[in-house]
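Okay, so here's the structure we're looking at.
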Amino acid sequence: MREYTITQIQTIMISIEDLHKSYGKTQALNGIHLQVEPGELFAFLGPNGAGKTTTIRILTGLTRLTGGKVNIGGSDITTDPIAVKRLCGIVPQHINLDSELSVYENLDIHGRLFALSSDVRKQKIRELLEYIELADREKDLVKKLSGGLKRRVMIARALLHEPKVLFLDEPTVGLDAAIRRRIWALIKRVQRDGTTVFLTTHYIEEAEFLADRVAFIDLGAIKAIDTPGKLMEQLGVWALDQINGDDMETRYFTTRKEAAAYSASKDTGFTLRRVNLEDVFLSITGKKVL
Amino acid sequence: MHGFIAVYLRELLILKYRLKRQLAGMAVSPLLYLVTFGYAMGDVIQIGEQSYLHFLIPGLVAMSSMTQAFSIATDINVARFYWNIFEEFQAAPITNLSYVAGEVLAGMTRALMAIVVILLLSLPFGVVLHYGPWFWLGIVCNSFVFSSLAVALAMLVKSHADQSLLTNFIITPMAFLGGTFFPVEKLPVWAQMLLSLLPLTHASRAIRASALGESVLWWDYVLLLSIGALCFWFALSSVNKARD
């Protein structure tokens, strides 16, 4: 087991060591190790069922771990879950707002759960509703909001108690492209304001656009972890897709010139594009993220 | 304490938005029982020196305090399986005790509201009963038992359908056999002993005795409180099981 000095602990916001989770005979997580630094925007990328949501549920105390250690902000999730929960804000994949209550009431209940005083609650709710550009909708019942607006309310709710870490589980799933980009801008703003962000996604472009570092997860284990740029550099810069019958073959090149020269030497059709994280995931796991 | 208040306040807010529907729901079945069993048959049936209506109303109070307190399980399940609100509580820095206490008190509040509805409905029937401290204590004890049991079972069931089954197998038989509609003392001894295992039998006896101005058995209250404490502990220990 690795041990950290006091100085090291202060530079690590999330520390996961040999994390295991099983449901009966099914092994959902199979020895995950990772560390996230304060202020970092870290993305967990993987296909459905890879273990992304299970990891985030364990980190936020919603699910119990079977083995290993999780430390957030210096507190252990198993021995001091209440301290960990104080540090964390969570935006789950599904909408979990009280649809029968108003936007303000949803935020107010959350503030009470986190023991914010009445004055602080009122002030923070007003500030956050301005932040998510919903100040004029505070009295509206949640059931009257669109999916994108509900998602923004959930982000505001997760930020109400000023968490050190914001966990976002597939924050833009099911949203259209325009709303997705607004949510991305909001997430970037949250990070700029000093919050560590840990998000799971199976959208390649989301991880590429948002993340400082990305971890690929598949079958409950991390397959690779680095910055999006370095992960993609391993393959090259340019990708040539060639369709052979029912199959597609992709070749990678460091310069566009090399790629063009290769395609000119063949008499079949090619599609030239930039390498993306999907290529890296495919080369490591042999399967696509989606 | 803040967690308990937040959980309880959320249930009160939900109750506020649904108040008209809830009050109507609380009134329907007691009103039907009062009209059919009490008003239509009340003149032909006499139990001891009391009319059947005098006998029936305390029984309805006991039954409604049970069903309404237990119905908090349905709300918890809807919040857990359909709205995923349970996760919001689980992700908050509150203890299991705060969560359970908030939900149990919400169930008891609904039970007390239902009793006020029944008492108001019974006014036009001209029935005058004693609504002293023992009467209300009986309701509090009974609703504590069934609200705690509801929270415990709501944590253990895997689907909303399972919850309906529990209601059918636990609450419905108890509603009819727990001394609400007939005097348990008229049954054979073996049946009396069997029915004395049901908490509602003791609640009906305690509430009826106090409402009719008769002396109450302290044992009924002690037993209900003990069963309630056991169910509350059961609920507390069940919360963690709902996480996985």
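The values are calculated or read from the model by the stated rules, or taken from the named source; none is laboratory data. Every value quoted in this text rests on a predicted model; they were computed, and no experiment measured them. Here the Cβ positions follow ideal geometry from the backbone for every residue, glycine too, while neighbour counts run over all protein chains shown.
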Select from the stretch A:111-151 the residues that are part of a helix (DSSP H, G or I) and in contact with a Ser or Thr (Cβ under 6 Å, 6 or more places away or on another chain) and list them in ascending order.
A:142, A:143
Give the residues of the stretch B:1-15 that are more than 7 Å from chain A (Cβ to nearest Cβ) and assigned to a helix (DSSP H, G or I), sorted by residue number.
B:4, B:7, B:8, B:11, B:12, B:15
Of residues in the stretch A:91-117 being under 18 Å from residue B:12 (Cα atoms) and among the polar types (S, T, N, Q), the one nearest to the other protein chains (Cβ to nearest Cβ):
A:99
Residue B:127 vs. criteria touching a strand residue (DSSP E or B) at 6+ places or on another chain (Cβ under 9 Å), surrounded by 14 or more Cβ atoms within 10 Å (Cβ to Cβ), within 21 Å of residue B:35 (Cα to Cα) and of a type in the set (A, V, I, L, M, F, W, C):
yes
The residue from A:170, A:162, A:133 that alone is of a type outside the set (S, T, N, Q), touching a residue at least 60 places away in the same chain (Cβ under 8 Å) and on the phi > 0 side of the Ramachandran plot is A:170
Assess whether residue A:108 counts as being of a type in the set (D, E, K, R), part of a loop (DSSP other than H, G, I, E, B) and surrounded by 18 or more Cβ atoms within 10 Å (Cβ to Cβ).
no
Go through (1) of a type outside the set (Phe, Trp, Tyr); (2) under 13 Å from the mean Cα position of the chain (by Cα); (3) not in a helix (DSSP H, G or I) for residue B:68 and report which single condition fails.
(3)
Sort out which residues of the stretch B:120-132 are free of Cβ contacts under 8 Å to residues at least 60 places away in the same chain and either touching a Lys or Arg at 6+ places or on another chain (Cβ under 9 Å) or of a type outside the set (Gly, Ala, Ser) (or both), and write them in order of number.
B:120, B:123, B:124, B:128
Give me a count of the residues in the stretch B:16-41 that are in contact (Cβ under 8 Å) with a residue 60 or more places away in the chain and either among the small types (Gly, Ala, Ser) or within 10 Å of another protein chain (Cβ to nearest Cβ) (or both).
2
The condition from (1) within 30 Å of residue B:130 (Cα to Cα); (2) assigned to a helix (DSSP H, G or I); (3) among the hydroxyl-bearing types (Ser, Thr, Tyr) that residue B:215 misses is numbered (2)
Selection status of residue B:159, surrounded by 14 or more Cβ atoms within 10 Å (Cβ to Cβ), under 30 Å from residue A:90 (Cα atoms) and not acidic (Asp, Glu)
no
Take the stretch B:71-91 and flag every residue that is outside any helix (DSSP H, G or I), small (Gly, Ala, Ser) and more than 30 Å from residue B:212 (Cβ to Cβ).
B:91
From A:141, A:145, grab the single residue that is facing chain B (nearest Cβ under 10 Å) and over 17 Å from residue A:189 (Cα atoms).
A:141
Taking the stretch B:60-100, which residues are touching an Asp or Glu at 6+ places or on another chain (Cβ under 9 Å) and polar (S, T, N, Q)?
B:77
Condition first: outside any helix (DSSP H, G or I) and at pLDDT 85 or above. Now tell me which residues in the stretch A:152-174 satisfy that.
A:160, A:161, A:162, A:163, A:164, A:165, A:166, A:167, A:168, A:169, A:170
When you scan the stretch B:77-98, do you find a residue that is under 20 Å from the mean Cα position of the chain (by Cα), within 14 Å of chain A (Cβ to nearest Cβ) and in contact (Cβ under 8 Å) with a residue 24 or more places away in the chain, even just one?
yes
Going through the stretch A:109-140 one residue at a time, which ones are among the hydroxyl-bearing types (Ser, Thr, Tyr) and in contact with a Leu (Cβ under 9 Å, 6 or more places away or on another chain)?
A:131
Among residues of the stretch A:54-79 being within 10 Å of chain B (Cβ to nearest Cβ) and charged (D, E, K, R), the residue surrounded by the fewest Cβ atoms within 10 Å (Cβ to Cβ) is A:64
Within the bounds of the stretch A:24-34, is there any residue that is modelled with pLDDT of 90 or more and within 15 Å of the chain's Cα centre (by Cα)?
yes
